[in-house]
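Data first, discussion second: the structure below is written as structure tokens.
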């Protein structure tokens, strides 16, 4: 690939890279930085790409590593006060779904034909809103697990969490997303 | 018998690690009688399908146009 070809390819790819990074990093400047670094790394390896598709795969792999680096950096910092408050409020909404014996207060109901949603553009907008609405810590672990496709052990190691702590955060994230999609997309009340 | 909240923990962990025989039994038994947890299991499975579709859209379909 020539530098000119790479530059054209990158112009087409950039919006998707940004969207990918933004959903996980939840901060436009951090997402922009991660994408810039990945693209800069790509320009240094331009000669080794056989075509646009190979370059894209390579750039996404680098971007994922940049996102993990950022998650690792954040995991070493204490949560901001607003994040702690958001997490507490989130925990409360989850707990409110269960009575004191841990049984559902109002039973969740099955979603009708969820597969069909995957074809709808509006579904993906709601999906991203729900993920963005999770508190920082469960969102980070869930993103690494499901959006980056990492193994739980790897995630715990990267973030310095115990395995059981990882499982708790994943459980919270899934309950939260279930609740959000039920209310905002599948029309459960 | 485990509560619904505890069973949802098992349903979530099932997506991240193999459950023990006892855990699988507990979950299967609970699901026989609990509609809310059956729905939740469907929701968790769909979340996994949806996130996978999102990931594949970004990863595999990354051909430049």
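List of remarks:
- Space enclosed by the convex hull of the alpha-carbon atoms of region A:81-184, per residue, Å³: 123
- On Cα atoms only, tilt of A:121-132 relative to the major axis of chain A in degrees: 80
- Computed over the protein assembly as shown, the quotient of the alpha carbon radius of gyration and 2.2 N^0.38 Å is 1.10.
- In chain B, the DSSP-assigned H stretches of four residues or longer account for a calculated mean residue ellipticity at 222 nm of -24500 deg cm²/dmol, using -39500 (n - 2.57) per stretch and the full residue count as denominator.
- Residue of A:19, A:122, A:72 that the Gaussian network model of chain A assigns the largest fluctuation, springs spanning Cα pairs under 10 Å: A:122
- Cα gyration tensor shape for region A:130-169, rounded if a/c is under 1.5, else prolate or oblate: oblate
- Tensor-based shape of region A:3-75 (alpha-carbon gyration tensor, a/c under 1.5 rounded, otherwise prolate or oblate): prolate
- The C-alpha atoms of chain B define a longest principal axis, and helix B:35-59 lies at about 20 degrees to it.
- 10 Å-binned pair-distance histogram of chain B (Cα, whole percent): 19, 42, 20, 12, 5, 1
- 0 to 90° range, to nearest 10: angle between helix B:21-33 axis and chain B longest Cα axis: 80
- Structure-based [θ]222 nm, chain A - -39500 (n - 2.57) summed over DSSP H runs of at least 4, per residue, nearest 500: -23000 deg cm²/dmol
- Separation of alpha-carbon centers, region A:162-178 and region A:1-79, rounded to whole Å: 27
- Radius, Kirkwood style, for region A:1-134 when every pair of distinct Cα atoms is counted (Å): 18.1
- Size descriptors for region A:78-140, from the alpha-carbon set: Rg then Dmax equal 15.2, 41 Å.
Any read-out appearing in this document is the output of simple, stated calculations on the displayed coordinates, not a laboratory observation. Just so it is clear, the structure is predicted and the values come from calculations on it, not from any experiment.
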